[in-house]
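Working notes for the structure below.
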Amino acid sequence: MFFRFHRAASFCASVIFLFAAGSSFCKPAQQKTLTFCADPNNLPYSNSKEQGFENKLAQIVASDLQARVVYRWQRMGRGFVREYLNKAVCDVVPGIPARSGQMLTTAPYYRSTYVFVYLANAKDMPASLNDPKLHRMKIGIQAVGEELTPPGDALARRGMQDAIVPYYTTGDNEEAILQAVATRKINMAIVWGPTAGYFARHYQLALCLVPVTPEMDPPGLPFTFAISMGVRKGNVVLRDALNAALTRNAVEIRSLLATYGIPQLALGPEMSSGETLSKKSTQ
């Protein structure tokens, strides 16, 4: 999305030198700060109580860089990059699709996928988006504003507009789409993996999550996305510092994501510098 999307005086001196040109990352006579723009009510990603995995990730990265985390709580929407990131209201935006055109992005720290969500005891569930059984079902799809996430576009391409039941899974409605499956209001749902994995734990073993296949709907509609942190265009020094911190803490970050139930796909060497497709939305 629907990617809404954490040592010593000599070290500080070097950081002050690197960030002196227009950055609040490190200032003389002050503790360094790293300001993250984050949604105040968007679990499992972030919230104002700092309970999301992106909040924890911010702490990991900032601690590595000997900085203090500061938040600018703001839901992302139209004009967000122009009014907040580009005007230096914040330094970092987590949960951004790698190679996003509006920001300079780090190497991805995880890659995930959309998943089919259905009752574990359901019979004869579809094996792929091309399964004809889908035509007889009500299928929950995440919506962002007036747009659907990529699986909704894929169903529409197949003439299944009437099968789509849109759900706005932000704020207090985050879990609604999984609740609808659990209570049989819909036959199944197709949900971005981190959202599905996190909330499916509330239903113990009642829900089954299966990666959507194929991974890409030809000619160019992907269902898997690599996720990075974003900084202002041109801020290569901060991007590189974040990359180094992400690399040094890669094992801890993977463990953190697993704790939140996030489905993780292998990044692969081709994505080590953030090479992947962009997306309309993942959250």
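The values are calculated or read from the model by the stated rules, or taken from the named source; none is laboratory data. Only a predicted model underlies this, so the values are computations on that prediction, with no experimental measurement involved. When we count neighbours, we look across all protein chains shown, and the Cβ atoms used for this are built from the backbone with ideal geometry, even at glycine. What goes into the accessible areas is simple: the full protein's heavy atoms, side chains included, and nothing from ligands, DNA or RNA. Shrake-Rupley method; radii C 1.70, N 1.55, O 1.52, S 1.80 Å.
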Rounded, prolate or oblate (a/c below 1.5 giving rounded, otherwise prolate when a/b exceeds b/c) for segment 155-255 by Cα gyration tensor: prolate
Segment 44-129 - convex hull of alpha carbons, volume per residue in Å³: 164
Residue-level accessible surface for LEU104, protein heavy atoms, 1.4 Å, Å²: 40
Label-point separation in nm, LEU205 to VAL237, each point 7 Å along Cα→Cβ: 5.5
Surface accessible to a 1.4 Å probe, SER228 within the full protein complex, Å²: 0
GluC sites (Glu not before Pro) within segment 138-244, DSSP loop, no more than 13 other Cβ atoms inside 10 Å: GLU146, GLU215
Given LYS56/LYS233; LYS123/LYS185; LYS56/LYS185; LYS32/LYS233; LYS49/LYS233; LYS56/LYS123, the pairs whose alpha carbons are separated by over 27 Å: LYS56/LYS185; LYS49/LYS233; LYS56/LYS123
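Starting from the Cα gyration tensor of segment 201-242, take the square roots of the eigenvalues, sort them a ≥ b ≥ c, and report rounded, prolate or oblate (rounded when a/c is under 1.5, otherwise prolate if a/b is larger than b/c, else oblate).
It is oblate, given that a/c is not under 1.5 and a/b is not larger than b/c.
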Column: log10 I(q)/I(0), Debye, Cα scatterers of segment 73-196, q = 0.09, 0.17 Å⁻¹: -0.32, -0.94
